[in-house]
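The values are calculated or read from the model by the stated rules, or taken from the named source; none is laboratory data. Only a predicted model underlies this, so the values are computations on that prediction, with no experimental measurement involved. So basically every Cβ, Gly included, is an ideal-geometry build from the backbone, and we count neighbours across all protein chains shown.
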Amino acid sequence: MNIINKNIFHTILTIQQCFFQPLVLTLRYFFETKKLRVSGRYNIQQFFFQPLVLSVLRSFSAVECIEGCNIKKTLLFYLSFVASFDTFLKTKIFRTSGGVEFDKIFRTSGLKFTVFFLGLLTPLTTCTIPPLETGIEYQKKELFTDAITCYEEIIVYEPRNANAWFNLGNCYLALGFGEKALTAFNTISHALSAQYNAAYTHKTIGNLDKAIEGYTAIINNNPDYEPAHLALGIAYITRGDFECGWKQHERHLKRNGKNADALRALLKNNNLTDKNILLRPEGGLGDTLLFIRYAERLKNMGAHITVACPQQLIPLLSRCAYIDTLLSCDSPTPYYDADATLMSLPAIFNDTDQSAPKKIPYLYADPTLVAHWQQQLANDTNFKIGICWQVDVHNDASRIPIARRGCPLKYFTILNTIPGVSFYSLQKYDGTEEISTMPTDFQLHTFDNLDETTGPFMDTAALMKNLDLIITVDTAIVHLAGGLGCPVWLLHPYATADWRWLAHRTDSYWYPTVRIFKQQQPFAWDEVMKKVKIELHTLMCQK
C-alpha cells in the first residue's frame, strides 16, 4: 500500500470509528425501539434491507479492519451507501412514535462531516467499469488475482453479469479457493455451465458425494449434456464406486467408438483362444505403461496379442514376452478379430480395486543395462534415491493451476539434511533447467546421456533397479517404477482429479509398491516434502 493510500486508509478508519460506528449504533437502536412510517412507495425496510446497506451496517458495527483492501472499491462502497441514504432522506416525510425526533438523528454533525469528506474524495474514486475482456485477458495470462479484481469491480456495478460471476468462479478455483468458487457459481445457478463447474469444484476439492449429486441433478434436467455424463462416471470411479462408475462410463465409450463390442462378446463367451486381439494406445506414455498389463491378462486367456504403441516405447515393451506382435502407431494395421484401446480395458473387464491385474513386475529392464548401472553406482554405499520433479509442461498447461503435477526441485532440498542419502536425477527435458539454480550443498547426480543411445526409458529402467527408492511426481516415471516393482513415492497435487489414484488414499491398487503423498492445501509442496522427510527418516532408521 503506497503512502497516499495509507493516508486515505487511516482517514477512513478514523471516520469509521468516530462517526459511522456511533451513527450505526444509533440507527440500530432507533429502528429497534421505534415504529416508523414513511410517505411514498419506497418502504423504509426495502431500503435498509438491501444487501449493500446490510453489508455496510455489518462492517461498521463489527469494526472490521479494511487495511489491505482496494481503497478505490472501499470508498465507492462508502459513497454508494451515503448517496443512497441521502437521496432517501431528501425524498421522504417521516413520522415516528415516542419522544425522539427522527430529524435530530440524521442531522448530526458527524453524518454531515462524513458526507462532506467523502464528497471531497469523489474525484479519487471516479472510474469507469472495466470491460469483461480485460478480465478475460488477465485470465488467459494466468494473472488470476488481477482478473478477480476486475470481475469483482464489474459485479459491483452489474451484479447480474453472469459472465463475470462465471469467470470469477473459475479464477477462484484455479487458485484453490473452492468455497469462493462455489459461491460465484451458485450465484448464477440457473446457468448450466455454472451448475457443471460447481459440481466440478466439489470434485476438485475432494467432496465427491456433492460432485456426484451435482452431476446427477444436471443429467436429470439435461439428459443429453455429455460432459456431465462423462464426469459422473469418473467421479464414481474416483470415489471407488466401480460398479456405478463403469456402468456410467460405458455411455462415453459407446459414443466415442471405444466400447470394443467384439472383444466384449469374446469375453462373454470365454472364446479368446487363438483370437487376434489388437490393443491401441490412448492417453500419454504413462497410460500405456499402466494399462499394458491387460495384454498379459488377455494373453493368458489364449489370445494372440498385437500392441500398437508410440515409437518411444518399443524398446521397453519389446521385453514383454506376453506381447506377440509389437508395432508403432503409424504401421499398417494387421488382421484382428477384436480391438480395444488400452484405457478402455478396465471398463471392459469391469474391474475393481480388488480384481484389477496386480502381477508385478510386468515391465522389465534389460539385464545387461542393469549390470552396467550397478557397476556405475558401485562406489555409492548411501541410500540411493531417484527423483523426478517435473512433467511435460505443455501437457500440464491444460490443467488448472491447483491440479498441475510439477513440484519445483527446490522443495527437495529439505531432504538434504538426512545423512546417508544420495540423490539421482531421473528428470528428462522439462525441469532440467532447475538443476543449475540449486544450492551447492545439494548434491544431485545427473547423467547427460541417459537413454540417449539405448532408447527411451531403457537406461532409466535399469538405473531404477539399482536404486533404493524413487520419489516422483505424477508422470510416466511413476508407472515405469511401479511396473518394474520398484519402491516409489508419488507426490500428488491438491486437486482430486485423477481417477487412476482414487480419492483419499495413500496406496495404489495398481501398484503395491507405490505410496501417495498428497497436498492437503493448494500448492503446499513444502508441507508434502516435510511429510516425505519424516517418513524417509523413519525408513532410514529401519535400515
*Which of the residues belonging to segment 472-503 are more than 21 Å from the chain's Cα centre (by Cα) and part of a strand (DSSP E or B)?*
VAL488
*Can you name every residue in segment 347-369 that is within 38 Å of the chain's Cα centre (by Cα), of a type outside the set (Gly, Ala, Ser) and under 25 Å from PRO456 (Cβ atoms)?*
PRO357, LYS359, ILE360, PRO361, TYR362, LEU363, TYR364, ASP366
*asked:* Regarding segment 532-541, can at least one residue be identified that is in contact with a His (Cβ under 8 Å, 6 or more places away or on another chain), hydrophobic (A, V, I, L, M, F, W, C) and in the same structural domain as THR413 (by TED's automatic domain parsing)?
replied: no
_Residue list for segment 207-238, restricted to those being of a type in the set (Phe, Trp, Tyr) and without any contact (Cβ under 8 Å) to a residue 24 or more places away in the chain_ = TYR215
_I'm trying to understand the selection: among the residues of segment 235-286, which are on the phi > 0 side of the Ramachandran plot and of a type outside the set (Asp, Glu)?_
GLY240, GLY257, ALA260, ASN270, GLY283
*Output the residues belonging to segment 495-518 that are buried (at least 22 other Cβ atoms within 10 Å of the Cβ), in contact with a strand residue (DSSP E or B) (Cβ under 9 Å, 6 or more places away or on another chain) and farther than 23 Å from TYR294 by Cβ.*
THR496
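Yes/no matrix, rows are residues, columns are (1) closer than 22 Å to TRP510 by Cα; (2) hydrophobic (A, V, I, L, M, F, W, C); (3) touching a Ser or Thr at 6+ places or on another chain (Cβ under 9 Å); (4) at pLDDT 95 or above:
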site: ASN220; (1), (2), (3), (4): no, no, no, yes
site: PRO227; (1), (2), (3), (4): no, no, no, yes
site: GLY240; (1), (2), (3), (4): yes, no, yes, yes
site: HIS252; (1), (2), (3), (4): no, no, no, yes
site: ALA265; (1), (2), (3), (4): no, yes, no, yes
site: ASN269; (1), (2), (3), (4): no, no, no, yes
site: LYS275; (1), (2), (3), (4): no, no, no, yes
*Please work out which one of (1) without any contact (Cβ under 8 Å) to a residue 12 or more places away in the chain; (2) crowded, with 18+ Cβ neighbours inside 10 Å is the condition THR204 fails and give its number.*
(1)
*Out of (1) in a helix (DSSP H, G or I); (2) over 30 Å from ILE205 (Cβ atoms), the odd one out for ALA347 is which?*
(2)
*Scan of segment 229-251 for residues that are farther than 21 Å from SER355 by Cβ, surrounded by fewer than 20 Cβ atoms within 10 Å (Cβ to Cβ) and either in the same structural domain as TRP499 (by TED's automatic domain parsing) or among the hydrophobic types (A, V, I, L, M, F, W, C) (or both), ordered by number*: LEU230
*Looking only at segment 470-494, which residues are surrounded by fewer than 24 Cβ atoms within 10 Å (Cβ to Cβ) and over 24 Å from PRO357 (Cβ atoms)?*
VAL473, TYR494
*Go through ILE414, ILE387, ILE348, ILE360 for me and flag whichever is of a type in the set (Val, Ile, Thr), more than 30 Å from ASN197 (Cα to Cα) and touching a strand residue (DSSP E or B) at 6+ places or on another chain (Cβ under 8 Å).*
ILE387
_Residues being among the hydroxyl-bearing types (Ser, Thr, Tyr), assigned to a helix (DSSP H, G or I) and at pLDDT below 95 - total across segment 369-424_ = 1
